[in-house]
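The values are calculated or read from the model by the stated rules, or taken from the named source; none is laboratory data. Since the model is a prediction, treat every value here as computed from it, not as a measurement. Positions of Cβ are backbone-derived with ideal geometry, glycine not excepted, and every protein chain shown enters the neighbour counts.
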């Protein structure tokens, strides 16, 4: 049976400069303009890139709704083939193609960095559209959103720890951080500073020396999910939690910024059946988008925007209480909250 198509708009275009497939998927604009980062990565086929864009844009709708933002969900993808040679010139051409495409939405779709792109790339997009967030400060943006993303994950993690362990502190606990990049590195540093034992993993073996130099332990990627731990932080690619993986998990709490961590929604039920608390990634990982939109769209100051990010912990508290009361998983509770906001936005206004 085919899956229902729920997106408002999807554009697939061949870049006139780069000859690369470009995709913009807008899932919903019910709450406001669609937002979602630009992913530039390799796919076996452009159809796989389209599937990625569709899934990620829907997740962005839920992320924005649960975070209380007046924005919808979207995603853009520059699809590189398995053997695409991405020279600096072709990268620049691809970004120009994408900038032109994003500009055609006239603000109804807005983008930012994602896997394979960063603040400097957003500076290129801003030659074509003002709706490219997280450009370097000298180009009018707020720069790398990794710090706020990590702050939001830590707030969610402490909320989860209170429920699972009875204490928000991670002192003395073993935490496996799978993905030692910008966000994972910040999470590891913060938890180590409060006395947690940190074990990290990354597909890039060159990061092992840096991890060990900081006093962290190291585990190879294929063993990261089953390594002895109190808390698991997925901070790399998505699709890591499947029904086959759940029986191997040692951690009692799983919370991290990686997008689309579950291979299918039913994995949330399998996690709950094993007594593992999983905080939905689109809730825990919302800090970057909350901070960026607060600063660049709603003109909050730094401290006020950071307080909004830290309130992700309060959001998780409410979700976990709602899940307990209703006897559902946190994923289902988050979906119900997102759907309620969407339904309210879709309802016609009543006039006296």
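Looking at 182, 159, 178 in this structure, which one is touching a helix residue (DSSP H, G or I) at 6+ places or on another chain (Cβ under 9 Å), assigned by TED's automatic domain parsing to the domain that holds residue 206 and free of Cβ contacts under 8 Å to residues at least 60 places away in the same chain?
Numbers: 159 fails: free of Cβ contacts under 8 Å to residues at least 60 places away in the same chain; 178 fails: free of Cβ contacts under 8 Å to residues at least 60 places away in the same chain.
That would be 182, the only listed residue that is touching a helix residue (DSSP H, G or I) at 6+ places or on another chain (Cβ under 9 Å), assigned by TED's automatic domain parsing to the domain that holds residue 206 and free of Cβ contacts under 8 Å to residues at least 60 places away in the same chain.
Would you tally the residues in the stretch 200-230 being touching a helix residue (DSSP H, G or I) at 6+ places or on another chain (Cβ under 9 Å) and not in a loop (DSSP other than H, G, I, E, B)?
7
Among the residues of the stretch 49-92, write down those that are closer than 19 Å to residue 125 by Cβ and part of a helix (DSSP H, G or I).
49, 53, 56, 57, 60, 88, 89, 90, 91, 92
The conditions are (1) outside the structural domain of residue 101 (by TED's automatic domain parsing); (2) without any contact (Cβ under 8 Å) to a residue 24 or more places away in the chain, and residue 68 fails exactly one of them. Which is it?
(2) is the only condition that residue 68 fails.
Residue check: is residue 331 surrounded by 12 or more Cβ atoms within 10 Å (Cβ to Cβ), touching a helix residue (DSSP H, G or I) at 6+ places or on another chain (Cβ under 7 Å) and at pLDDT 95 or above? Quick ask: steps written out before the conclusion?
Details: surrounded by 12 or more Cβ atoms within 10 Å (Cβ to Cβ): yes; touching a helix residue (DSSP H, G or I) at 6+ places or on another chain (Cβ under 7 Å): yes; at pLDDT 95 or above: yes.
Yes; evaluated as a whole, the condition is true for this residue.
Does residue 195 qualify as being more than 17 Å from residue 150 (Cβ to Cβ), surrounded by fewer than 20 Cβ atoms within 10 Å (Cβ to Cβ) and touching a strand residue (DSSP E or B) at 6+ places or on another chain (Cβ under 9 Å)? Explain how you work it out, then say what you get.
On the way: more than 17 Å from residue 150 (Cβ to Cβ): yes; surrounded by fewer than 20 Cβ atoms within 10 Å (Cβ to Cβ): yes; touching a strand residue (DSSP E or B) at 6+ places or on another chain (Cβ under 9 Å): no.
Against the criterion (more than 17 Å from residue 150 (Cβ to Cβ), surrounded by fewer than 20 Cβ atoms within 10 Å (Cβ to Cβ) and touching a strand residue (DSSP E or B) at 6+ places or on another chain (Cβ under 9 Å)), residue 195 does not qualify.
Of the residues 95, 154, which single one is in a helix (DSSP H, G or I), crowded, with 24+ Cβ neighbours inside 10 Å, out of contact with any strand residue (DSSP E or B) (no Cβ under 7 Å at 6 or more places or on another chain) and outside the structural domain of residue 254 (by TED's automatic domain parsing)? I'd like the intermediate steps shown before the answer.
Details: 154 fails: outside the structural domain of residue 254 (by TED's automatic domain parsing).
The match here is 95.
Applying the selection to the stretch 120-146, what residues are modelled with pLDDT under 95, under 20 Å from the mean Cα position of the chain (by Cα) and not in a loop (DSSP other than H, G, I, E, B)?
Answer for the stretch 120-146, where residues must be modelled with pLDDT under 95, under 20 Å from the mean Cα position of the chain (by Cα) and not in a loop (DSSP other than H, G, I, E, B): just 146.
Name every residue in the stretch 76-95 that is farther than 21 Å from residue 59 by Cα and touching a helix residue (DSSP H, G or I) at 6+ places or on another chain (Cβ under 7 Å), in order of residue number.
First, the residues of the stretch 76-95 that are farther than 21 Å from residue 59 by Cα: 80-95.
If the condition is that a residue be farther than 21 Å from residue 59 by Cα and touching a helix residue (DSSP H, G or I) at 6+ places or on another chain (Cβ under 7 Å), then 92, 95 are the ones that fit.
Which residues, counting only those in the stretch 164-186, are at pLDDT 95 or above, surrounded by fewer than 22 Cβ atoms within 10 Å (Cβ to Cβ) and within 21 Å of residue 241 (Cα to Cα)?
Selection gives 164, 174.
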